[in-house]
Amino acid sequence: MTKVFIDGSEGTTGLRINERLEGRDDIELLKIPSELRKDPAEIKKYINESDVTFLCLPDAAAVEAVALADNDRVKIIDASTAHRTAPGWAYGYPELGESFRNAIKTGNRIAVPGCYATGFITCVYPLIKGGIMGSDYPVSVFAMSGYSGGGKKMIAAYEAAGRPAELSSPRQYALSQMHKHLKEMKAITGLDRTPLFNPVVCDYYSGMVVTLSLYADMLKKKMTPENVRDYFAEFFTGEQFITVMPYGAEAEFSNFIGSNNYSGRDDLQIFVTGNDERIVVNARFDNLGKGASGAAIQCFNIATGAPESKGLVL
């Protein structure tokens, strides 16, 4: 029986992790009394009584929580931004290759990818790894997400009576090109420079599409959209959490790719569209699923030897 503690269990991600774990018969969930959840001494006690601690905290609090673990026995799975590029931390995206999966399996410090970063890395990492895209490619990505990605305050604002009319329309943000996921986007993919990134928050609860647009003549290998689709299918062969859609599959959806279709799921779809001059790669998933709590549970399952999809929706 694995003892599990969730530090930050009352936030959006923490609540979802708690929901996914409550019905499991292979864990004991350690629950700190609500009035003590910010008491450092109590938090330290619960962390060190656990076999695995999930951190669902702001970055500074996550760093402080890691310091409270007084031995290397406790596995830490951090859902914050704090440790995603930190030395000694496994990056929690096992589908990128066996080295990623093994680091999750054997390590005791695991950083869960950001939601936008998950979509971005899904599209970019395989292309650079396969020598199709150069690390010097000037990458620009557009992304659309439901408002739950903004946490409790944003959820409350979008669901409030008499909210501003502006919230009924898509809203672009991170206009200074300083989004917190950019660091891992660049580091994990191996890009030479930070990509241009344009995220948009929309008036629906959850779901996300991240879109990478490419000029075919700027790639290192001559590729058609069909070639790129087939490459992704080969790269992710055998991965149950990633489905590479058949070329032209968007026709089944009247040639639209909706961004909330995968709400409530913990896996991800890839669509490759475009033409011989301009190729578009889309990753569609739930920002709260494969983009957050679902990815955290997947990492937990790998780290504890449970079936990788246990407790998840595919």
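When N counts the residues of the stretch 115-287, how does its alpha-carbon radius of gyration compare numerically with 2.2 N^0.38 Å, as a ratio? Don't jump to the answer; show the numbers that get you there.
Numbers: Rg = 16.4 Å, N = 173, 2.2 N^0.38 = 15.6 Å.
This ratio for the stretch 115-287 stands at 1.05.
Please report, in debye to the nearest 20, how large the charge dipole of the stretch 115-287 is about its Cα centre when each Lys and Arg carries +1 at its beta carbon and each Asp and Glu carries -1 there.
The calculation lands at about 600 debye.
Expressed in nm to one decimal, what extension gain is obtained for the pair residue 304 and residue 63 from 0.36 nm per residue of sequence separation less their Cα-Cα distance?
84.5 nm
In the stretch 206-254, how does Rg compare with the Kirkwood Rh, expressed as the Rg/Rh ratio over alpha carbon atoms?
Expressed as Rg/Rh, it is 0.99.
Roughly how large, in nm² to one decimal, is the mean projection of the convex hull of the alpha-carbon atoms in the chain?
Here the figure is 16.6 nm², rounded to one decimal.
Give the average over all directions of the projected area of the C-alpha convex hull of the stretch 1-54, one decimal, in nm².
Projected over every direction and averaged, the Cα hull of the stretch 1-54 covers 3.4 nm².
What is the diffusion coefficient of the stretch 105-181 in µm²/s, taking the Kirkwood radius over Cα pairs and the Stokes-Einstein relation at 25 °C with a viscosity of 0.890 mPa s?
It comes out at roughly 156 µm²/s.
Dipole magnitude of the chain about its Cα centre, charges +1 at Lys/Arg Cβ and -1 at Asp/Glu Cβ only, in debye to the nearest 20?
On the way: 33 positive and 38 negative charges, 99 e Å.
Here the chain has a charge dipole of around 480 debye.
Could you give the longest part of the chain that holds none of the chymotrypsin sites (Phe, Trp or Tyr not before Pro) found in DSSP loops with at most 15 neighbouring Cβ atoms within 10 Å? Numbers along the way, then the final one.
Values: sites that count: 173, 256.
With chymotrypsin sites (Phe, Trp or Tyr not before Pro) excluded where exposed in loops, the chain gives 1-172 as its longest stretch.
Net charge near residue 188: determine it from the other residues with C-beta under 15 Å of the C-beta of residue 188, scoring Lys and Arg +1 and Asp and Glu -1.
Every neighbour counted, the sum reads +4.
Would you calculate the separation in nanometres between label points at residue 224 and residue 239, each defined as 7 Å from the Cα along the Cα-to-beta-carbon direction?
2.5 nm
Please compute the modelled spin-label separation between residue 38 and residue 177, points set 7 Å along Cα→Cβ, answer in nm with one decimal.
Output for this residue pair reads 3.8 nm.
Mind checking the log10 I(q)/I(0) for the stretch 215-314 at q = 0.11, 0.12, 0.17 Å⁻¹? Debye, one equal scatterer per Cα, no solvent, two decimals.
Result of the Debye calculation: -0.40, -0.46, -0.82.
Taking R0 as 25 Å, what's the FRET efficiency between residue 153 and residue 203 from their Cβ-Cβ distance, rounded to 0.05?
Calculated value: 0.95.
Could you list log10 I(q)/I(0) for the stretch 75-217 at q = 0.09, 0.13 Å⁻¹, which the Debye formula gives when each Cα is one point scatterer?
Each listed q corresponds, in turn, to -0.32, -0.64.
For 168, 145, 176, which order do you get if you count the other beta carbons within 10 Å of each Cβ and list the fewest first?
The fewest-first ordering by Cβ neighbours comes to 176, 168, 145.
A short reminder: the numbers here are calculations on the coordinates, not readings from a lab. These numbers were taken from a predicted model, which means no experiment stands behind them. No Cβ is skipped: glycine too gets one built from the backbone with ideal geometry, and neighbour counts run over all protein chains shown.
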